[in-house]
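The structure appears right after this line, and notes come after that.
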């Protein structure tokens, strides 16, 4: 199963599960197992009817059990599924991870029917490592995140490596997005050191270096899931690209306020944090040429306004 097929399956699962949650506000744990968890496992390629794959009420010690244990080809529990009611948090792994350690399962999946969290429980580690926390509606758009959880992997080390690799990549991309202005400055600094090792670029050369660096940070960034915004966000392809040349100081406004050259009803206040300015752009149907290019855009407008090039926001 590839990511496209898993995305399709998760889309079908989401439609049915969301209708269930809409019709029945407070599901019991048993209802969540029957109407949510079972179909979710089927969408992932597991067969809940096959006890060699999915063990319901898996015994742990003398008096305890796990709601589900997903077994590998040797019958060993590799993924424990902890089911909670809709009023409980799916983001608190303490009890479930302790149970996983007891049986030697390296993965824990927790759900309350509305949210799904996945945790890696490394041998000897004191605390589990978060791999994903997804709302029900986010599952179809995050198929790659879940790919290592499918029945084809059967909780194997290869599947766990897949899950960890994607989780780390997504975390790094999110970090880069949140610090895009710093990222741009770092890339630009390196380019300057290669073009003019001894420094001393004149203004036309500096502008040419900046423009070339922005061009290199190309549109591929916008296709990455972590740059796409929330499920209700406008798609990047629907936004119009803008550069700092499109913005003029707002007449009689304080330094740092700008209006769009082609529509004076669109304004920016770069005294705000990068995150706030980026959101203001999106709300007005605009974007920079790439997500990473936003750092240069933001810094340029602040410089044009005579403000420090980093806002601290």
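The values are calculated or read from the model by the stated rules, or taken from the named source; none is laboratory data. Note that the coordinates shown come from a computational prediction; the quantities given were computed from them, not determined experimentally. All Cβ positions, glycine included, derive from the backbone under ideal geometry; neighbour counts span all protein chains shown.
Here residue 46 meets the list (1) buried (at least 21 other Cβ atoms within 10 Å of the Cβ); (2) closer than 26 Å to residue 12 by Cα; (3) touching a helix residue (DSSP H, G or I) at 6+ places or on another chain (Cβ under 7 Å) almost entirely, failing just condition (3).
If you go through the stretch 129-161 and keep only what is surrounded by 22 or more Cβ atoms within 10 Å (Cβ to Cβ) and under 16 Å from residue 82 (Cβ atoms), you end up with 131, 149, 155.
For residue 291, indicate whether it is at pLDDT below 85 and either within 19 Å of residue 253 (Cα to Cα) or more than 20 Å from the chain's Cα centre (by Cα) (or both).
Working: at pLDDT below 85: yes; either within 19 Å of residue 253 (Cα to Cα) or more than 20 Å from the chain's Cα centre (by Cα) (or both): no.
No: the conditions fail for residue 291.
In the set (1) out of contact with any helix residue (DSSP H, G or I) (no Cβ under 7 Å at 6 or more places or on another chain); (2) buried (at least 23 other Cβ atoms within 10 Å of the Cβ); (3) outside any helix (DSSP H, G or I); (4) without any contact (Cβ under 8 Å) to a residue 40 or more places away in the chain, residue 59 fails one condition alone, (2).
Quick check: anything in the stretch 132-152 assigned by TED's automatic domain parsing to the domain that holds residue 96, without any contact (Cβ under 8 Å) to a residue 12 or more places away in the chain and not in a strand (DSSP E or B)?
Quick first cut of the stretch 132-152, residues assigned by TED's automatic domain parsing to the domain that holds residue 96 only: 132-152.
Still in the list and also without any contact (Cβ under 8 Å) to a residue 12 or more places away in the chain: none.
Checking the stretch 132-152: not a single residue is assigned by TED's automatic domain parsing to the domain that holds residue 96, without any contact (Cβ under 8 Å) to a residue 12 or more places away in the chain and not in a strand (DSSP E or B).
Of the residues in the stretch 95-105, none is free of Cβ contacts under 8 Å to residues at least 60 places away in the same chain, buried (at least 22 other Cβ atoms within 10 Å of the Cβ), under 22 Å from the mean Cα position of the chain (by Cα) and assigned by TED's automatic domain parsing to the domain that holds residue 25.
Can you confirm whether the stretch 24-44 contains a residue that is within 17 Å of residue 152 (Cα to Cα) and in contact with a strand residue (DSSP E or B) (Cβ under 8 Å, 6 or more places away or on another chain)? Within the stretch 24-44, one or more residues are within 17 Å of residue 152 (Cα to Cα) and in contact with a strand residue (DSSP E or B) (Cβ under 8 Å, 6 or more places away or on another chain).
Inside the stretch 250-260, residues that are within 34 Å of the chain's Cα centre (by Cα) and part of a loop (DSSP other than H, G, I, E, B) make up a count of 1.
Within this structure, residue 45 fails the test of being at pLDDT 95 or above and under 19 Å from residue 82 (Cβ atoms).
Outside any helix (DSSP H, G or I) and modelled with pLDDT under 95: is that true of residue 91 in this structure? I'd like the intermediate steps shown before the answer.
Details: outside any helix (DSSP H, G or I): yes; modelled with pLDDT under 95: yes.
It is true that residue 91 is outside any helix (DSSP H, G or I) and modelled with pLDDT under 95.
Among the residues of the stretch 247-274, those identified as surrounded by fewer than 14 Cβ atoms within 10 Å (Cβ to Cβ) and in contact with a helix residue (DSSP H, G or I) (Cβ under 8 Å, 6 or more places away or on another chain) are 261, 262.
Considering each of 37, 81 in turn, give the residue that is closer than 30 Å to residue 125 by Cβ, within 28 Å of the chain's Cα centre (by Cα), part of a strand (DSSP E or B) and in the same structural domain as residue 130 (by TED's automatic domain parsing). It would help to see each step written out before you state the result.
Working: 37 fails: part of a strand (DSSP E or B).
Only one candidate qualifies: 81.
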